[in-house]
Amino acid sequence: MRGPVVDPVLRWGRTLGFALTLPVVLVTLWWVWSADSTNYYAPPLQTILTTFGDVWFSERLRADVLPSVTRLAIGYTGAVVLGVGLGVLLGANRTLRRVTEPVLEFFRAIPPPALIPILFLFAGIGDTAKVIVIVSGAVWPVLLNTVEGVRAVDDVLSDTSRSYGVTGLARLRHLVLPAASPQIVAGMRQALSISIILMVISEMFASTNGLGFSVIQFQRSFAIPEMWSGILLLGLLGFVLSLLFQLFERRSLRWYHGLRRSQRGEN
Amino acid sequence: MTQPLLDVAGVQKTYTGSGRTVEAVRDLTFSVGDGELVCIVGPSGAGKTTLLKCIAGLLEPTAGTVTLAGARVDGPPDAMAVVFQEYGRSLFPWMTVEGNVELPLKQKKLDKARRRELVRDALEAVGLADVHSAYPWQLSGGMQQRVAIARAVAYEPKVLLMDEPFAAVDAQTRADLEDLIRSLWHKLGVTILFVTHDIDESVYLGQRVLVLSSSPTVIMEDLAIDLPDERTQLETRSSPRFAELRGHVYEQIQLAKHRKGDQHQRDEVAPARSAHGATVAAEPGS
Ligand SMILES: Nc1ncnc2c1ncn2[C@@H]1O[C@H](COP(=O)(O)OP(=O)(O)OP(=O)(O)O)[C@@H](O)[C@H]1O
Ligand SMILES: [Mg+2]
């Protein structure tokens, strides 16, 4: 027990207060300091915000934001599906794991952006190539975490499942995947931020649309407030996605957090 | 004369792994009749869990066979349910109590109405009619073990295997759960094989008690428990016959701890040891 009991609304309000204080302070500072800025590269925040509306609530929403988000969604989903699928296979099969381990370690060690030039050579510079870039970078944390999670399935639970005829696909669905889900979700969280980074970078490399492309385009044409607004939008996108992810995590792993809490309470 | 439902013949199990071999079970032969309640008692490390896993088809014996209703066991049989010692690790923490009890029934392809009925009846039978939607980790240890028992009961097995199911719960809960097992046994007519290291528990619960030696393990004795069928914690446990039987098993266990299976033949003719204290357990220290 920590302190007196506070009613939930008040507590929620306080949490929100804590969470918002620093951002509000920072934005205010930025606003004040940049208000009289004559520096060409650091325009006043007010200018950036005005530009933000003009630039992004327009045709660009469809022409640039949508393609980026689509690539991100497909690439991320692909990485998760591939990572979990391969991870379950490798986690369940020791021989396969032993054979593939050194190769996997090597590929994982390559910084994903380094793959971009090669992938673009082979897959062209279209959407497919960008999706491949995202998948090839984001798949690793999901894959390796899934392998670990699947390997760590409890013996007793495993025996229990067998003796009650929970085998094959039912075993995968009711035992292996749920048991590995805390690790899988941790891998998915890392994969999400890697995906965003790779989405932006791949668009900066070679593209005809997208958020990364736009930011570079603005910078090259000295449209500085527009460039800032693009960066701001990317930050917001990442922030919103991470919030959504937290929501997903809290819902899907409610049992796990509850279990952990009860174990801590006992010991 | 009851027909043997479960037949264990010459079961031996040697674990081999990374340069080390452990002969956990040397040679076990016994049979269990339809509807019997048999307790297996033996010192820690005697291979009780190993034996139970062989019977449950979870482990392949190195030698010997297990036969259930005339068919050789070579994988988990449909007609068997197991309750493990580690209740905290044998319930699915991501499923509600109801989900845990229902899952095996889904695997049996029972229809929804029948499943619901079995789940409700089983949870009611173990005194947990009001926790259907709770998660296992929200329950006390004793309640969790009840859920595991309910799951086994709902499965409608012919044989129920229980591996030290009450080793980790407090004394009062334990007494309640022992009575629960006896009443379920009476009500369902199921065959129960109950493993424990607690001598009192084995005598209180069983119609028969099998005493195991230390590893490598053989059966030291197959003792019939001639206590009345109606048993109560207070009266049964304070009856003179209970004390005698308990004392007898205790002596066997003491012998079992010091003599290995290979000396078993000579031990059988050894004279009985001296008397012993009032409260008796196979492993007072563990
Ligand atoms: N998977 C395994 N690999 C190797 N040795 C094992 C394995 N499982 C058990 N053993 C060994 O076999 C012997 C019997 O173990 P088992 O768990 O069957 O005993 P037990 O009677 O159930 O003991 P307890 O009362 O402590 O539960 C022990 O010496 C143990 O170390
Ligand atoms: Mg054991």
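Here, each number is a calculation from the coordinates, and none is a lab measurement. Because the structure is a prediction, the values reported are computed rather than measured. Heads up, the Cβs are rebuilt from the backbone with ideal geometry, glycines too, and the neighbour counts pull from every protein chain shown.
General observations
- Residues in the stretch B:58-73 carry Karplus couplings, in order, of 8, 9, 8, x, 5, 9, x, 9, 10, 10, 10, 6, x, 10, 5, 7 Hz; the curve used is 6.51 cos²θ - 1.76 cosθ + 1.60 with θ = phi - 60°, and Gly or Pro positions show x.
- When chain B is treated as a GNM with alpha-carbon contacts under 10 Å, the residue of B:Gln12, B:Gln252, B:Gln107 showing the greatest mean-square fluctuation is B:Gln107.
- Dipole axis of the protein assembly as shown (+1 Lys, Arg; -1 Asp, Glu on Cβ), positive-most option in B:Trp94, B:Gly47, B:His258: B:Trp94
- DSSP beta bridges confined to the protein assembly as shown are antiparallel in about 50 percent of cases.
- Compared with the dominant Cα axis of chain A, that is its longest principal axis, helix A:45-56 is turned about 70°.
- Cβ-based charge dipole, chain A, positive-most Cα from A:Leu243, A:Val84, A:Pro225: A:Val84
- The H on the amide N of A:Tyr164, modeled in the peptide plane, is under 5 Å from the matching H of no residue at least 5 residues off or on a different chain.
- Charged side chains reduced to their Cβ positions (Lys and Arg at +1, Asp and Glu at -1) give the stretch B:1-140 a dipole of some 360 debye around its Cα centre.
- Shape call, the stretch A:1-102: gyration tensor on alpha carbons, a/c limit 1.5: oblate
- Rounded to 10°, Cα long-axis angle of helix A:8-34 versus longest principal axis of chain A: 40
- Shape of the stretch B:160-215, Cα gyration tensor, a/c cut at 1.5: oblate
- Counting DSSP beta bridges with both ends in chain B, the antiparallel % (nearest 5): 50
- Crossing angle, helix A:177-205 versus chain A [Cα axis fit, 0-90 degrees, rounded to tens]: 30
- Coil-residue chymotrypsin sites (Phe, Trp or Tyr not before Pro) of the stretch A:1-98, DSSP, other Cβ within 10 Å capped at 13: A:Tyr40, A:Tyr41, A:Phe57
- Remark: chain B carries a charge dipole of roughly 660 debye about the Cα centre, counting +1 on each Lys and Arg Cβ and -1 on each Asp and Glu Cβ.
- The alpha carbons of the protein assembly as shown give a radius of gyration and a Dmax of 32.2, 106 Å, in that order.
- Mean separation of Cα contacts under 8 Å (6+ apart) over length of the stretch B:88-156, as relative contact order %: 49
- Dipole magnitude of the stretch A:67-263, debye to nearest 20 (Cβ charges: Lys/Arg +1, Asp/Glu -1, about Cα centre): 480
- For the protein assembly as shown, calculated [θ]222 nm from helices alone, where every DSSP H run of n ≥ 4 adds -39500 (n - 2.57): -18500 deg cm²/dmol
- The Cα atoms of the stretch B:88-156 give a gyration tensor whose axes a ≥ b ≥ c have a/c of 1.5 or more with a/b greater than b/c, which makes the shape prolate.
- Normalised by the number of residues in chain A, the mean separation of alpha-carbon contacts (under 8 Å, six or more apart) gives a relative contact order of 23 percent.
- Rg followed by Dmax, in Å, when chain A is reduced to its Cα trace: 23.1, 75
- Take every Cα pair under 8 Å whose residues are at least 6 apart in sequence, average their separation, divide by the length of the stretch B:55-119, and the relative contact order is 23 percent.
- Residues considered: B:Ile181, B:Ile253, B:Ile149. Largest GNM mean-square fluctuation over chain B, using C-alpha springs under 10 Å, is found at B:Ile181.
- What the Cα atoms of the stretch B:72-212 give is an Rg and a Dmax of 14.5, 44 Å.
- Semi-axes of the equivalent ellipsoid for the stretch A:168-267, Cα gyration tensor, largest first, Å: 40, 17, 9
- Sparse-neighbourhood loop sites, chymotrypsin sites (Phe, Trp or Tyr not before Pro) in the stretch B:155-190 - DSSP loop, at most 13 other Cβ within 10 angstrom: none
- What the phi angles of the stretch A:81-96 give under the Karplus curve with 6.51, -1.76 and 1.60, with θ = phi - 60°, is a coupling list of 4, 5, x, 5, x, 5, x, 5, 4, 5, x, 8, 10, 5, 4, 4 Hz, glycine and proline written as x.
- For the stretch B:22-173, the number of Lys pairs separated by eight or more positions or lying on different chains, with C-alpha atoms closer than 20 Å, is 4.
- Along the axis of the charge dipole computed for the stretch A:67-263 (Cβ charges of +1 for Lys and Arg, -1 for Asp and Glu, origin at the Cα centre), the listed residues A:His174, A:Leu104, A:Leu192 are led at the positive end by A:His174.
- Rg to Rh quotient for chain B, alpha carbon positions, Kirkwood Rh: 0.97
- Gaussian network model of chain A, Cα within-10 Å springs - most flexible of A:Ile224, A:Ile118, A:Ile201: A:Ile118
- Note on B:Thr29 and A:Ala152: the model spin-label points, each 7 Å out from Cα along the C-beta direction, lie 4.7 nm apart.
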